[in-house]
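Following: one structure in structure tokens, then a few remarks.
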Amino acid sequence: MRGLYLVTPNWDDTDRLLDVSGQALQAGAALLQYRHKSADAPQRREQAGALLALARKYGVPFIINDFVELCEELDADGVHVGGTDASVAQVRARLGKDKIVGASCYGDMALARTAEAGGASYVAFGGFYPSLVKKYPVTTPLDIVLQAKREIALPCVVIGGMTPENAAPLVARGADMVAAISSVVGRMDEAKDVNIAVQQFNQLFAA
């Protein structure tokens, strides 16, 4: 796991969601997570199924945020769980050893250790910076990445207000993936050059 981890925005417009996600995958996004907190079950199933087919086209792993049942139904590549979701150990036991299970650890190394012990595939830290999408305390210190790389034998993902500029010091500290939403796909009311945004993130890992 290395590179840009694209997380989808809360967009009801499935056609646009697929369009920008496809652009990002074609440009070199390394992992795709479907995250739509306000969608109902039929919309989630429709969008996730379409995104899965798109990810398969580009040979990129496809992760579903929170919804283990949907991952099982679609045979997606894995699930990302947050602090209020089922535990990593529970999800790992349910999905088996071959699926990806990611864990939000915020700024808490104890959560990261618990996730590793429970069978996580990667640990995600943040928020490091204010986000246009997610609301949380911006309290995660940059150097938690250094500590995680010393103490946790798993890939380290960073999230929270990520841009190519402010992600750079985290990649320099050893972050394996940068998770981003609006800095790649933009907002519904703006046009964004997705290809350039992906390339800028990927340049962080070129060295």
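Within region 187-201, is there a residue that is over 18 Å from the mean Cα position of the chain (by Cα), modelled with pLDDT of 95 or more and not in a helix (DSSP H, G or I)? No, because not a single residue in region 187-201 is over 18 Å from the mean Cα position of the chain (by Cα), modelled with pLDDT of 95 or more and not in a helix (DSSP H, G or I).
The residues in region 58-79 that are without any contact (Cβ under 8 Å) to a residue 24 or more places away in the chain and more than 27 Å from G28 (Cβ to Cβ) can be counted, and the count is 2. The combined condition, being at pLDDT below 95 and either closer than 30 Å to L18 by Cα or open to solvent by 60 Å² or more (accessible area, probe 1.4 Å) (or both), is fulfilled by V138. Against the numbered list (1) in contact with an Asp or Glu (Cβ under 9 Å, 6 or more places away or on another chain); (2) farther than 17 Å from V184 by Cα; (3) among the small types (G, A, S), A50 comes up short only at (1). For region 11-63, name all the residues that are of a type in the set (D, E, K, R) and touching a Pro at 6+ places or on another chain (Cβ under 9 Å). Listed by number, the list holds a single entry, R35. Only a single criterion out of (1) crowded, with 21+ Cβ neighbours inside 10 Å; (2) among the aromatic types (F, W, Y); (3) farther than 14 Å from A24 by Cα is not satisfied by F205, namely (1). Contact map, region 89-112: first residue without any contact (Cβ under 8 Å) to a residue 40 or more places away in the chain, second residue open to solvent by 50 Å² or more (accessible area, probe 1.4 Å) and in a strand (DSSP E or B), Cβ cut-off under 9 Å, separation 6 or more or different chains; the map is empty. Considering only region 148-185, state which residues are out of contact with any Cys (no Cβ under 8 Å at 6 or more places or on another chain), in a helix (DSSP H, G or I) and open to solvent by 10 Å² or more (accessible area, probe 1.4 Å). Hits for region 148-185 are R150, E151, P164, E165, N166, A168, P169, V171, A172, S182, S183. In region 111-121, the condition of being closer than 19 Å to L32 by Cα, in contact with a Cys (Cβ under 8 Å, 6 or more places away or on another chain) and not small (G, A, S) is met by no residue.
Annotation note: of G82, G3, G28, the sole residue that is closer than 18 Å to V123 by Cβ and in contact (Cβ under 8 Å) with a residue 60 or more places away in the chain is G3.
The values are calculated or read from the model by the stated rules, or taken from the named source; none is laboratory data. Owing to the predicted nature of the structure, the values given are computational and were not obtained by experimental measurement. With ideal geometry, Cβ positions are generated from the backbone for all residues, glycine too; neighbour counts draw on all protein chains shown. Side chains are part of the model used for accessible areas, which takes the heavy atoms of the whole protein and leaves out ligands, DNA and RNA. Shrake-Rupley method; radii C 1.70, N 1.55, O 1.52, S 1.80 Å.
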